[in-house]
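Asks: Sharing a structure, written as structure tokens. Questions coming.
The values are calculated or read from the model by the stated rules, or taken from the named source; none is laboratory data. Bear in mind that the values here come from a model prediction, so they are computed numbers and not experimental data. As a convention, Cβ positions derive from the backbone with ideal geometry for all residues, glycine included, and neighbour counts pool all protein chains shown. These area figures cover heavy atoms from the full protein model, side chains too; ligands, DNA and RNA do not enter into them. Shrake-Rupley method; radii C 1.70, N 1.55, O 1.52, S 1.80 Å.
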Amino acid sequence: MNVPTMASLFAENKQPEVLFWVGCAGSFDDRAKKITKAFVKILNKAGVSFAVLGTEEGCTGDPAKRAGNEFLFQMQAVTNIEVLNGYGVKKIVTACPHCFNTIKNEYPELGGNYEVVHHTQFLKQLLDEGKISLEGGTYKGKRITYHDPCYLGRANNVFEAPRELIQKLDAELVEMKNCRKRGLCCGAGGAQMFKEPEKGDKDVNIERTEQALETQPEIIAAACPFCNTMMTDGVKNKEKEASIAVLDVAELIANAEDL
Amino acid sequence: MEILPNILFAVALVVGIGFFARNIKKLIRNIKLGRKVEVDDNPAKRFKNMAMIALGQSKMVVRPIAGLMHIIVYVGFIIINIEVLEIIIDGLFGTHRIFASLGAFYDFLIASFEILALLVIVAVVIFWIRRNVIRLRRFIKPEMKGWPKTDANWILYIEFILMALFLTMNATDAKLQQLGALHYQEAGTFPISQFLLPLFDTMSIQTLIFIERTAWWLHILGILFFLNYLYYSKHLHILLAFPNTYYGKLRPQGQFENLDSVTKEVKLMLDPNADPFAAPADDAPPPEKFGASDVMDLTRVQLLNAYTCTECGRCTSECPANQTGKKLSPRKIMMDTRDRLEEVGQNINSNKGEFKADGKQLLDDYITREELWACTTCNACVEACPVSIDPLSIIMSMRQYLVMEQSAAPTELNNMMGNVENNGAPWPFNQMDRLNWTQES
Ligand code: SF4
Ligand code: SF4
């Protein structure tokens, strides 16, 4: 795995085409780290010129903002923008819809203007440009249902890129009762990931997992590290982890390519 | 003697419209209690949204059955205004069916009104059944007890009665035309009310005129009553849906507002030349409150949202928190905001135009913290709303107040925020370990 940092490229006077924004989950969460690595393997294979910020990256401030701490959010944002602008970053790709949304939509007003794409959009682009090819062997004919992350789908209207990738794997894409614009939250957004849910009849991720299970999938595909955790917990709660895998779209592609 | 009805009519009209204007003034004053916001960007897009969503009902048809019936009632309501115009002219000048001179076109108009009136009656009956017999889930949530439920039914009854009066008026008119009664020239075709004619077969001309006049008067008085009922009802949306969709959010749903007041402070903190201990200038405005604890802290758009809410519950039925039995209901957030705003408005009315502190506020007295913290900010409510209301923005404003003014976030969130502040990640990991994943297999 070749993972250059902005600092090291900068020292060599080089500028990568795209900055890979790893995000906190992608850097620290054991499950999400696998997604990060899968994505990097694809970037390496496709020969994409990229770099990460590494230790210079800090939380985008999304969970702080949605918890109501606008102050902390803006402090994070301003600090990150300073680093990004310092390196003259133009294009950013990230596997986290929360980072994606925040940098794309909320940073510009604070002085951070970049072209921001989600990794599923980026992968779709690589595919269209012929830089990766998907034969799909491993997943041919498998029933895969796709969970729309709120901050990618409804919040930013990215619905098709992940679906097209899944279909390219020759898999059978089955839709849940709530999908696309009417997708149901996994329960992690709005900083809920970091606290116990309020009292209710059940947890949101269980409800969403039930919707997924109704489609009788072999795989639940996600495109967000937080959704991934919530759905994985849901599948475990239903004791279905032996028969149903929860995988990020990047992992599906990396697996299919045997990376 | 002849002109007495005309005078009475003019009085009724002036009183009806006068009351209405007074309420609208109150409404505007209340909305202006909110913070001013800049919403004059991109008028073209805003007009387009208004045309599509309010006029074109594009979001209603997401649920096809309710959507179709709603369109019938809506079109019926708009078209019937031509009829109302005729009634007003007739009423003021003592004419009868003044537009009759339009000839065949008039026949066509009356015929289409009648058909619509019947469709409206059918739709209203189905709406009533959905609320009272089938009891669709979103109509029987806790916030729908009492007035909200009564209000919804009242609207249906009034619409039913208005349509029934309209058909009765036409039927007796047709009969009088057949009998060649003085004043009742032949005009209009009556594809629906003709079926009512047998009811009136045995009646004398006097009785028929009495029924026709009564129906005519009740019809127009009913409309004036309905106009004034709006202010107290969820039915206000028939007017406010238009400005509300115009002022609706244009940015991507995921993009939340960056608070300017905070930006100023952050800039000051990071400015190496700023003196952190400098006393504020004497003429400096008092520091802005962060977030909202009462209606005056909300924006005018948020308050307009509250008055526009139709209490349809589409937001609540899509809300993941509500679906899993949590206390949060985005509809209730909107209803609470309107109720509190009305309470503040009453307070101002009875205190000669000034608000006297009443020891209450929107937070805690209406909306509980438990509701606010249950929101996942998923935007499902915003997407679902047929009139571009954004309940999430109110939830966020109130969370901002809780966190930035009161430091009253749940402990776990405080931990998370502490981590972000100290380690640049929501978990207690060292920033220097951010690249460890590259070394792990
Ligand atoms: S944004 Fe909040 S209130 Fe709206 S649907 Fe989602 S969880 Fe419910
Ligand atoms: S906020 Fe919108 S969707 Fe929710 S009840 Fe009011 S009108 Fe209906």
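Asks: Percent relative contact order of the stretch A:123-215, based on C-alpha pairs within less than 8 angstrom and at least six residues apart? Walk me through the numbers on the way to the answer.
Replies: On the way: 104 pairs, mean separation 28.3, N = 93.
Relative contact order of the stretch A:123-215: 30 percent.
Asks: Here's something else I'd like to know. Working out 0.36 nm times the residue gap between B:V75 and B:L239, then minus their Cα-Cα distance, what length gain in nm do you get to one decimal?
Replies: Once the chain is fully extended between B:V75 and B:L239, it gains 57.6 nm.
Asks: For the stretch A:104-259, what is the convex hull volume of the alpha-carbon atoms per residue, in Å³?
Replies: 129 Å³
Asks: Using only the alpha-carbon atoms, what does the stretch A:217-259 span along each of its principal axes? Please give whole angstrom values in decreasing order.
Replies: So the three principal-axis extents are 30, 21, 14 Å.
Asks: Percent of Cα-Cα pairs per 10 Å bin, from 0 to the last occupied bin, for the stretch B:1-134, please list those.
Replies: Final binned percentages: 10, 21, 29, 29, 10, 1.
Asks: Let me ask something additional. Ignoring everything but the protein chains, give the 1.4 Å probe accessible area of B:I192 in square angstrom, nearest 10.
Replies: 40 Å²
Asks: Taking the Cα centre as origin and putting +1 on Lys and Arg beta-carbons and -1 on Asp and Glu beta-carbons, what dipole magnitude results for chain B, to the nearest 20 debye?
Replies: Values: 43 positive and 45 negative charges, 159 e Å.
The dipole magnitude comes to about 760 debye.
Asks: Cut-off under 19 Å on the C-alpha distance; same-chain residues fewer than 8 positions from A:K131 excluded. Which lysines are left, in chain and number order?
Replies: Within the straight-line cut-off, A:K131 pairs with A:K37, A:K41, A:K45, A:K91, A:K168.
Asks: Work out from phi, with θ = phi - 60° and the Karplus expression 6.51 cos²θ - 1.76 cosθ + 1.60, the ³J(HN,Hα) of each residue of the stretch A:168-176, listed in order in whole Hz, and give x for Gly and Pro.
Replies: 5, 7, 6, 8, 9, 7, 10, 9, 7
Asks: I would also like to ask the following. Extension gain B:H183-B:A21, at 0.36 nm per residue separation less the Cα-Cα distance, in nm?
Replies: 54.8 nm
Asks: Turning to a different aspect of this structure: Using the Cα centre of the stretch B:288-416 as the reference point, and only Cβ charges (+1 on K/R, -1 on D/E), how large is the resulting charge dipole? Debye, rounded to the nearest 20. Please list the in-between numbers first.
Replies: Details: 14 positive and 19 negative charges, 27 e Å.
Charge dipole of the stretch B:288-416: 120 debye, to the nearest 20.
Asks: Could I ask something else about it? Which whole-percent values make up P(r) of the protein assembly as shown when all C-alpha to C-alpha distances are grouped in 10 Å steps starting at zero?
Replies: Computed distribution, short to long bins: 3, 13, 21, 21, 16, 11, 8, 5, 2, 0, 0.
Asks: A follow-up question, please. Span-like helices, chain B: DSSP H, alpha-carbon axial extent 27 Å or more, mean Kyte-Doolittle -0.5 or greater, which ones?
Replies: For chain B, where a helix must reach 27 Å along its axis and average at least -0.5, the hits are B:4-31, B:64-93, B:104-132, B:147-179, B:205-229.
Asks: To the nearest 20 debye, what is the magnitude of the charge dipole of the stretch B:29-141 about its Cα centre, counting +1 on the Cβ of each Lys and Arg and -1 on the Cβ of each Asp and Glu?
Replies: My answer is approximately 1180 debye.
Asks: Compute all pairwise cysteine Cβ distances in the protein assembly as shown, then list the cysteines with no distance under 4.7 Å to another cysteine.
Replies: A:C24, A:C59, A:C179, B:C309, B:C312, B:C319, B:C375, B:C385
Asks: Excluding residues on the same chain fewer than 8 positions from B:K175, give the aspartates and glutamates whose Cα lies under 14 Å from its Cα.
Replies: Leaving aside aspartates and glutamates fewer than 8 places away in the same chain, those within reach of B:K175 are B:E186, B:D201, B:E212.
Asks: Something else now. Taking a probe of 1.4 angstrom, what is the accessible area of B:I140 in Å², to the nearest 10?
Replies: B:I140 has an accessible surface of roughly 70 Å² with all protein chains in place.
Asks: Rounded to the nearest 0.05, what FRET efficiency is calculated for A:Q15 and A:Q125 with R0 set to 25 Å and r the Cβ-Cβ distance?
Replies: 0.80
Asks: Starting from the Cα-Cα distance between B:V37 and B:E257, subtract it from 0.36 nm times their residue separation and give me the gain in nm to one decimal.
Replies: 78.1 nm
Asks: Give the residue from B:L250, A:C59, A:A212 lying farthest towards the positive end of the charge dipole for the protein assembly as shown; charges sit on Cβ (+1 for Lys and Arg, -1 for Asp and Glu) and the dipole is referred to the Cα centre.
Replies: Checked the options; the winner is A:A212.
Asks: Normalising by the residue count of chain B, find the relative contact order in percent from Cα pairs under 8 Å and 6+ residues apart. Don't skip to the answer; put the middle values down first.
Replies: Numbers: 457 pairs, mean separation 82.6, N = 441.
Relative contact order of chain B: 19 percent.
Asks: Collect residues whose amide H, placed 1.01 Å from N in the peptide plane, falls under 5 Å from the amide H of A:V116; neighbours closer than 5 in sequence don't count.
Replies: A:I92
Asks: Mind jotting down the distance between the C-alpha centroids of the stretch A:1-56 and the stretch B:76-139, whole Å?
Replies: Result: 65 Å between the Cα centres.
Asks: In the stretch B:165-180, whose amide N lies under 13 Å from the spot 7 Å out along Cα-to-Cβ of B:T202? List them in ranges.
Replies: none
Asks: If amide H atoms are built 1.01 Å from N in the plane of the peptide, which residues on other chains or at least 5 residues away come under 5 Å of the amide H of B:T299?
Replies: The answer is B:R35.
Asks: Let me ask you something else. Using a 10 Å cut-off around each Cβ of peptide A:46-57, what is the average number of partner chain Cβ atoms that fall inside?
Replies: For this peptide, the per-residue mean of nearby foreign Cβ atoms is 2.
Asks: Once label points are set 7 Å from the Cα along Cα→Cβ at both A:N157 and A:K240, what is their separation, rounded to one decimal in nm?
Replies: Placing both labels 7 Å beyond Cα along the Cβ direction yields 3.3 nm.
Asks: Continuing with this model, one more query. Below 8 Å, C-alpha to C-alpha, sequence gap of six or more: please give me the relative contact order for the stretch B:299-441 in percent.
Replies: Across the stretch B:299-441, relative contact order equals 23 percent.
Asks: Also, I was wondering about something else. Using Cα positions and a limit of under 19 Å, work out the aspartates and glutamates in reach of B:K25, with same-chain residues fewer than 8 apart set aside.
Replies: Partners found: B:D339, B:E342, B:E343, B:E354.
Asks: Okay, next question. Averaged across the residues of A:58-66, what count of C-beta atoms belonging to other chains lies within 10 Å of each residue's C-beta?
Replies: Other-chain Cβ atoms within 10 Å of each residue's Cβ, averaged: 6.
Asks: Shielding by partners for B:258-267, please: the mean number of other protein chain Cβ atoms within 10 Å of each residue's Cβ.
Replies: Mean partner-chain Cβ count within 10 Å for B:258-267: 5.
Asks: Anything over 32 Å Cα to Cα? Flag those among B:K249/B:K352; B:K326/B:K352; B:K48/B:K145; A:K14/A:K181; A:K33/A:K140; A:K238/B:K145, in the order listed.
Replies: B:K249/B:K352; B:K326/B:K352; B:K48/B:K145; A:K14/A:K181; A:K238/B:K145
Asks: Using only the heavy atoms of the protein chains and a 1.4 Å probe, how would B:M269, B:M417 rank by accessible area, largest first?
Replies: Ranked list, largest accessible area first: B:M269, B:M417.
Asks: While we're here: At 1.4 Å probe size, what's the solvent-accessible area of B:L224? Round to the nearest 10 Å².
Replies: We get 20 Å² for B:L224.
Asks: Can you find, among A:F20, B:A66, B:T310, the residue sitting farthest towards the positive end of the charge dipole of the protein assembly as shown, where Lys and Arg contribute +1 and Asp and Glu -1 at Cβ?
Replies: Looking along the dipole axis, the top candidate is B:A66.
Asks: Name the residue farthest towards the positive end of the dipole of the stretch A:149-234 from the options A:A155, A:C185, A:G200, assuming +1 on Cβ of Lys and Arg, -1 on Cβ of Asp and Glu, about the Cα centre.
Replies: About the Cα centre, the residue reaching furthest to the positive side is A:A155.
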